[in-house]
1. Can you tell me the length gained on complete extension of the stretch Gln13 to Ala201, counting 0.36 nm per residue apart and subtracting the Cα distance?
2. Set the Förster distance to 25 Å, then compute FRET efficiency between Asn67 and Glu191 from the Cβ-Cβ distance, nearest 0.05.
3. Determine the shape class of region 183-224: with a ≥ b ≥ c the square roots of the Cα gyration tensor eigenvalues, call it rounded for a/c under 1.5, and otherwise prolate if a/b is greater than b/c, oblate otherwise.
4. Which whole-number percentage describes the relative contact order of the chain, with Cα contacts under 8 Å and a sequence gap of 6 or more?
5. Which whole-number percent gives the relative contact order of region 34-132, counting Cα pairs below 8 Å spaced six or more residues apart?
6. Under the rule of -39500 (n - 2.57) per DSSP H run of 4 or more residues, summed and divided by the residues of the chain, what mean residue ellipticity at 222 nm is obtained, to the nearest 500 deg cm²/dmol?
7. Among rounded, prolate and oblate, which fits region 123-183 when a ≥ b ≥ c are the square roots of the eigenvalues of its C-alpha gyration tensor, a/c under 1.5 means rounded, and a/b larger than b/c means prolate?
8. Give, in nm to one decimal, the length gained when the segment between Ile2 and Gln55 is fully stretched (0.36 nm per residue of separation minus the Cα-Cα distance).
Amino acid sequence: MINVIPHVLPPAQLAEARRLLATAEWVDGRATAGHQGAWVKDNQQTSENHPVTLQVGGMILQSLAQNSLFMSAALPLHILPPLFNRYSGGQQFGTHVDGSIRTMPGTGQRLRTDLSCTVFLSDPADYDGGELIIEEQAGTKRVKLPAGQMILYPSTSVHHVTPVTRGTRLCSFFWLQSMIRDNGRRALLFEMDVGIQRVAADSKPDHLGVIQLTGVYHNLLRQWAEV
Ligand code: NI
């Protein structure tokens, strides 16, 4: 399942994020690539400890904590701090899979990457190329979102970023471990939650069917969740 989360950074925060990131120190993105990634990765990143990385990352996490679509689709257990990359002058990220285990900075806690997140920070009209291409069983998905929107996709998928041939593509990217490890189970819970919300919107607040279905949702979560 691939979800677009539309309202991650509103225009004022987006402008602030771009202003701050323009002042940050940018280094070769290969610094944080794994064995396979280093061959195909060609972009720039801010370092994970840079104050701008921490500040803008905090803005994104604060916003997501209040985003019910994100919470329902991701069912996050642990979220790694957001990082930032940019591509220009033909830079790209060739076909790869994201590493399965990452370490939480500071604590050393290991996380399993279940979902990969990319928040688009540049206006799509300001650059050519730079599409995120995700290969899924259902087919290939090409993603280039308006600034301030985020894509959430399974970290199990093979993906790449096409060359940026004009302008600059600025994004935030990060990973999370979900309470629900299995992509299929997580998708079922999301569908069920959306369905319950739809029925509830058209029913009386004490509709017994809604209460029963909400109970089933939570009991499935109880059976499947790692917390
Ligand atoms: Ni990747």
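No lab work stands behind these numbers, since they all come straight from the coordinates. A quick note: this is a predicted structure, and the numbers were derived from the prediction, not measured. Using ideal geometry, Cβ is built from the backbone for each residue, glycine included, and neighbour counts are taken over all protein chains shown.
1. 64.6 nm
2. So the FRET efficiency works out to roughly 0.85.
3. oblate
4. Computed value for the chain: 24 percent relative contact order.
5. About 31 percent, as a whole number.
6. Rounded to the nearest 500, the figure is -10500 deg cm²/dmol.
7. Prolate shape, in that a/c is at least 1.5 and a/b is the bigger ratio.
8. 16.4 nm
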